[in-house]
Amino acid sequence: MSRIGKRPVVLPKGVTAKIEGDVLSVKGPKGELKLPVGEEIYRAVETKVADGSVAVTRREESRLSRTQQGLVRALIQNMVVGVTEGYTRTLDVVGVGYKAELKGKVLNLALGFSHPIDFPLPEGIQVTVDKQTRIVVTGTDKKLVGETAARIRRFRPPEPYKGKGVRYADEYVRRKVGKAAAGASSGG
């Protein structure tokens, strides 16, 4: 039984939601987001907007409808938070000579390769770069912000020996002892 899925999503002041056809649109101070609630994958649940809240109900009692009720409710809640507060992911660029700079809608990264990496930013994403080593990705869509940050990190993930690379600000990189230090302690 989905306990979270049963609770309606309360719309804060300044946020409106409406269903047009098979698309739920949530509009707020930071923008507008849309969710295709009529798609085949969401057919087991029904979404209704009434009295300043959005309710998700099951069409039938099956395992699929119970899981989809919680999923759709969580997606709607993320949309409401996105249009009111927005989402942020922070990345740190660690390494000698590693840097990032923003040129219009393109993030330019120097990550130790023989060439710079030009990463065009997706629509709806804003990026700020502090001191060439901290990248802050912000936007209203939680999935898009997370995916953009993951794509930037994927260019040079942090390596375990020196810790160089692009990492999340709250990420802990587990360090390994190098070959020379491991060989010296064995005493041969």
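The values are calculated or read from the model by the stated rules, or taken from the named source; none is laboratory data. Here the structure is a predicted model, which means the values were calculated and not measured. Methodologically, a virtual Cβ is constructed for each residue, glycine included, from the backbone with ideal geometry; neighbour enumeration extends over all protein chains shown. Areas reflect the complete protein model, heavy atoms only, side chains present, ligands, DNA and RNA absent. Shrake-Rupley method; radii C 1.70, N 1.55, O 1.52, S 1.80 Å.
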Residue within region 65-81 that is within 30 Å of residue 133 (Cα to Cα), touching a Lys or Arg at 6+ places or on another chain (Cβ under 9 Å) and part of a strand (DSSP E or B) present: no
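Considering only residues that are open to solvent by less than 70 Å² (accessible area, probe 1.4 Å) and in a strand (DSSP E or B), look in region 83-100 and name the one that is nearest to residue 160 (Cα to Cα).
94
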Residue match in region 58-80 (condition: at positive phi, more than 23 Å from the chain's Cα centre (by Cα) and in contact (Cβ under 8 Å) with a residue 12 or more places away in the chain): no
In region 157-171, residue surrounded by the most Cβ atoms within 10 Å (Cβ to Cβ) [restricted to those that are farther than 22 Å from residue 81 by Cβ and touching a strand residue (DSSP E or B) at 6+ places or on another chain (Cβ under 7 Å)]: 166
Test: residue in region 29-40 that is part of a helix (DSSP H, G or I), more than 19 Å from residue 138 (Cβ to Cβ) and either of a type in the set (A, V, I, L, M) or open to solvent by 40 Å² or more (accessible area, probe 1.4 Å) (or both): yes
Residue selected from region 41-67 under the condition open to solvent by 20 Å² or more (accessible area, probe 1.4 Å) and among the aliphatic types (A, V, I, L, M), by the criterion modelled with the lowest pLDDT: 41
Selection within region 35-85 - under 21 Å from residue 15 (Cβ atoms) and small (Gly, Ala, Ser): 50, 52, 53, 55, 74, 82
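Have a look at 70, 82 and point out the one that is modelled with pLDDT of 90 or more and of a type in the set (Gly, Ala, Ser).
Values: 70 fails: modelled with pLDDT of 90 or more.
Unique residue meeting the criteria: 82.
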One residue from 116, 122 being closer than 19 Å to residue 155 by Cβ, of a type outside the set (A, V, I, L, M, F, W, C) and within 16 Å of the chain's Cα centre (by Cα): 122
Residues of region 128-140 that turn out to be over 16 Å from residue 111 (Cα atoms) and in contact with a helix residue (DSSP H, G or I) (Cβ under 8 Å, 6 or more places away or on another chain), as a count: 4
Subset tally (residues that are hydrophobic (A, V, I, L, M, F, W, C), open to solvent by 60 Å² or more (accessible area, probe 1.4 Å) and not in a strand (DSSP E or B)) for region 101-156: 2
